[in-house]
Every structure is written in structure tokens, then in C-alpha cells.
1. How big is D, in µm² s⁻¹, for the stretch 419-471 by Stokes-Einstein at 10 °C and 1.306 mPa s if Rh is the Kirkwood radius over C-alpha pairs?
2. Hey, rough spin-label estimate for residue 247 and residue 373, points 7 angstrom out along Cα→Cβ, what's it come to in nanometres?
3. Could you tell me the calculated FRET efficiency between residue 79 and residue 434, based on Cβ-Cβ distance and R0 = 35 angstrom, to the nearest 0.05?
4. Just add up the charged neighbours of residue 181: K/R +1, D/E -1, any other residue whose Cβ is under 11 Å from the Cβ of residue 181.
5. Which trypsin sites (Lys or Arg not before Pro) does the stretch 331-394 hold that lie in a coil by DSSP with at most 14 other beta carbons within 10 Å?
6. What does the charge count around residue 159 come to, taking other residues whose C-beta lies under 11 Å from its C-beta (Lys +1, Arg +1, Asp -1, Glu -1)?
7. Going by how many other Cβ atoms sit within 10 Å of their own, how do 144, 69 line up, fewest first?
8. How do 122, 287 rank when sorted from fewest to most other Cβ atoms within 10 Å of their own Cβ?
Amino acid sequence: MSLTSIFNRSLDGLNVAQQGLAVASNNIANVNTKGYARQQMVVGSRATVAGNDPSLGGGVEVTGLNSVTSSFIERQLFNTVNQFGTVDGRQQTLSQLEQVFNESQDQGLNKNLNDFFNSFSDLANNPTSIPSRQAVKDKATTLTSKFNSMSSQLSSMKRDLSTEISTRLTTINGYASQIAKLNQSIVAAGGPDKAQDLAAQRTYDLQQLSQEVNVSYFQDSSGSMQVQLGSGGPLVEGYNSGTLSVSNDDLSNGGTIAIQMQFAGSSSTTNVTSQITSGRLGGNMIDRNTTINGAMTNLDNLAYQLSTQFNASYSTGYGLDSSTGNNFFTPLASATGAAANLSVDASVSNPQTIAAAQQDPTVSGKGDNRKALTLQNIQNSLTMNSGTVTFSQNYQAMIGSIGVMVNTVNQDVTNKTNLLNQMQTQRESVSGVNMDEEGANIIQYQKAFEAASKLMSLADSMMDELLKIGT
């Protein structure tokens with residue numbers, strides 16, 4: 001081997017060691033970068049130079065740089081993140097809903113219902129008592145206020161969810177725009193293999209996007225990532241990104257929120273509400289359009305049936321002042337908004353008018369308590385769900401249904417969190433930066449660099465000696 005070959009081989013060694021140190025340094029620098037995939041340098045023997053002895057080899061060169069990833073694990077993580085986002089997006093809302101229907105510490109609506117009906121039992125024991133009549137009015141006021149408060153809290157939850165959904169759309173649009181920009185940078189660099197840091201960032205952004213909403217993706221021949229929202233059209237197409245926005249936000253009872261999407265690279269828009277099924281946005285949409293509306297409808301129906309059926313019986317009774325035909329609750333036009341509008345009728349403000357007698361007291365006597373007993377017994381009458389359950393049983397079924405939803409989502413959060421942690425651990429074991437390994441690589445490349453330097457120094461000394469012989 002000639003001295004020139006020795007110089008070239010030592011130079012190869014220096015270059016490879018230098019690039020190896022650069023790769024290891026980059027890995028260490030990105031040890032805390034989310035979504036980063038550690039890189040490995042690929043080294044290969046250079047083709048033997050023509051005219052040289054093939055047995056002496058042609059040196060070494062860096063043939064490539066690979067990101068250490070598993071497409072299977074990345075895809076599984078993408079799907080797991082989406083599943084976690086769905087239940088995580090619902091957990092806080094359902095926790096708040098559970099508090100609205102909270103029956104702990106005897107502060108709930110069920111206790112107010114019992115207290116209200118029990119006040120008529122007390123009135124029946126002493127139908128001429130003004131304090132007992134005042135107690136009926138007070139318990140009724142507390143009951144209607146509880147209905148009003150619960151309805152107000154549910155309406156507030158709808159408004160808060162609408163705001164959260166709007167904020168979430170901004171986040172989703174941001175990820176879509178970022179992915180489109182990364183597509184452009186990656187293609188300009190020559191593809192994902194030439195821009196591996198950018199490709200890793202794009203993969204991470206895709207996972208974050210998946211946590212927010214259900215999307216699918218594929219990489220085209222140019223290296224661009226194409227992203228689709230459900231089956232509703234392209235959210236990212238090449239260098240262009242689509243835009244999601246709220247197209248309708250009906251805060252009325254039963255009102256829903258709708259999402260519009262302007263397609264990537266187009267002015268065309270469409271309603272994609274039905275396409276949003278999972279991720280945090282999907283979870284928010286389920287609770288905003290279905291769960292809370294269902295709770296409001298059930299509460300309204302309970303308030304309406306209580307008011308209507310109680311008034312029907314109450315109006316045939318007589319007060320101490322012989323008045324009759326009065327309503328106990330202000331009549332409601334329909335079940336819609338009943339919980340928010342339920343109130344005690346103005347006639348009840350005068351305790352004398354509260355009906356406890358079945359007949360005019362001037363006929364049956366002021367001790368007539370038959371109507372009070374009838375009203376108290378409504379509590380145990382099968383008045384709800386086509387005459388199958390009582391008011392209290394109907395409300396307890398509502399609470400039970402909400403409790404089942406809360407428990408299911410809480411368990412799902414636990415399960416999905418564990419699964420997500422497992423998937424992240426698997427990814428980290430494949431793609432994560434191991435500081436001990438990188439430290440060993442640095443020592444290896446440092447030794448290789450020192451050896452190549454000594455070889456070059458030796459070749460230089462030999463060249464000097466040859467030059468001296470020539471002189």
C-alpha cells in the first residue's frame with residue numbers, strides 16, 4: 001500500500017469518526033426532545049479504486065444516516081393516543097356532571113323531593129297550622145330553586161364545552177398547518193431520509209393531532225404526509241392544510257354544536273360533525289351534543305311531570321280561605337326548559353290559600369286534611385315512564401345512568417393510560433436515546449479519531465523520511 005493510500009485511509013477514518021461524534025452529540029442534545037428518534041450512522045467500505053490492489057481495500061465512508069424507528073410501534077402509538085384522547089376529553093365533563101347530580105351529604109334533588117312531599121304529611125297532621133303551611137311553601141321554593149340551579153349548571157357546562165371545542169379546533173388547525181409546513185421542508189431536503197429530524201417532528205405532530213381528533217394518514221412518493229379527517233376529506237394535502245371551525249352553536253335545550261371544514265388546498269367546505277368520532281374533540285362533541293342534552297331533557301321532563309301532575313290534583317283542593325282552582329306551581333307550556341322555569345305559583349304566597357282540604361272548609365270543617373294526604377301520596381305514585389316508576393325512582397335512575405358513565409370512563413382512562421405508557425415505553429426502547437450507549441459511542445469514535453490521527457502522523461513521518469532519502 002502506498003503512502004498516498006495510507007493518507008487516504010487515515011483521512012477516511014478521521015471523517016467517519018468525526019461524523020460519528022456529530023451523530024452521537026446530536027442524539028444526546030435531543031435526549032429530551034419529544035418525538036425524537038435516535039439516529040445511527042451507516043458505514044460501508046468504499047469501492048476499490050481502479051489500479052489499486054483489491055486485497056488492500058478501498059477505505060471506508062459514511063453511506064447513510066438512519067432514524068431508529070418501528071413503523072408498527074409508531075402506528076400503534078398513533079392509535080393508542082387517539083383512544084386515550086377520547087376518554088381523557090370526557091373525564092372532566094362527566095366528573096362535573098356527576099357533581100351536578102350529587103346526592104351526597106343530603107344536599108341533592110332527591111332529598112328536596114322527599115322534604116317537599118313530607119311537608120304535606122306534616123300539614124295533614126295539623127291542617128290549620130300557619131307555620132306548617134309556611135313550611136310547605138319554603139320546601140317548595142327550595143325544590144324549585146334546586147331544579148333551576150341544576151338546569152343553570154347544565155347550561156353553563158354546554159357553554160364551557162362550546163368554548164373548549166373552539167379552542168381545540170384552533171389547536172387542531174395549528175397541528176395541520178405545522179404538518180403541511182414540515183411536508184414542504186422535508187420534500188425540499190430530498191425526502192424523509194435526508195431530513196430525519198424534521199420527519200421525526202412530523203410523526204410526533206401526527207400523534208398529537210391524533211390525540212385531538214380521529215385522522216388517518218399515508219406518505220406519498222414525494223415524502224409528503226397526507227392526512228384525512230375521518231372520511232370527511234383532506235385535512236393536510238401536500239403543502240396545504242384545511243381549517244376546522246364552528247358553523248353552528250345552539251345553546252338552547254337540546255341544541256347542538258356543528259363543525260365545518262374547509263378542505264386542504266380548496267375553498268370547498270362541508271359539515272364534518274358526523275366524521276368527528278374520537279380524540280379529545282370527539283369526546284367533547286359526544287358530551288356537548290348528547291350526554292348533557294340527555295341530562296337536561298330528563299331533568300326537564302321530571303320538572304314538567306311533577307308540576308303538571310301535582311297541579312292537576314292540587315287545583316281541586318281547598319284552602320283555609322275556601323279558595324279553590326289554584327295552581328301550586330306556575331303552569332309550564334311544555335317540558336322544554338321546564339327545570340329552568342319551574343317556580344311556585346304566586347297564589348301560594350298566602351299560606352291561607354294552600355289547599356289541604358278535599359272540600360270547602362265551611363262544609364267539611366277546617367280540620368279537613370284529605371287533600372294534603374292525597375298530595376303527599378303522589379310521592380309514591382307510579383307517575384313517570386308511562387306509569388312505571390315514581391318521581392324519586394325516575395330521578396334515581398338518572399343518577400344511576402350518570403354514575404355508570406362516570407365509572408366506565410374513569411376505568412377507560414386508567415386502562416388507556418396504562419396502555420399508552422406501555423406503548424411509549426416500547427417506542428422509547430426502540431427509538432429513545434440511551435445516554436450510556438451514546439457515551440460508549442463517543443468513546444469509541446474518540447479512540448478511532450485518535451488512531452486515525454496517529455496513522456496520519458505516522459504516514460507524514462514516513463513521507464519526511466522518504467524525502468530526506470531523496471535529497
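Only the coordinates and a few stated rules stand behind these numbers; no lab work does. All values reported here derive from a predicted model rather than from experimental measurement. Note: ideal-geometry Cβ built from the backbone for every residue, glycine included; neighbour counts use all protein chains shown.
1. Values: Rh = 14.8 Å.
For these conditions, the coefficient is 107 µm²/s.
2. 6.3
3. On the way: r = 26 Å, r/R0 = 0.74.
The value I calculate is 0.85.
4. Values: positive: 202; negative: 205.
My count for the surroundings of residue 181 gives 0.
5. Details: sites: 366, 370, 371; in loops: 366.
Within the stretch 331-394, the qualifying trypsin sites (Lys or Arg not before Pro) (loop, at most 14 other Cβ atoms within 10 Å) are 366.
6. Details: positive: 158, 288; negative: 160, 164, 249.
It works out to a net charge of -1.
7. On the way: 144 22, 69 17.
The order, fewest Cβ neighbours first, is 69, 144.
8. Values: 122 17, 287 25.
Ranking 122, 287 by Cβ neighbours within 10 Å, fewest first, gives 122, 287.
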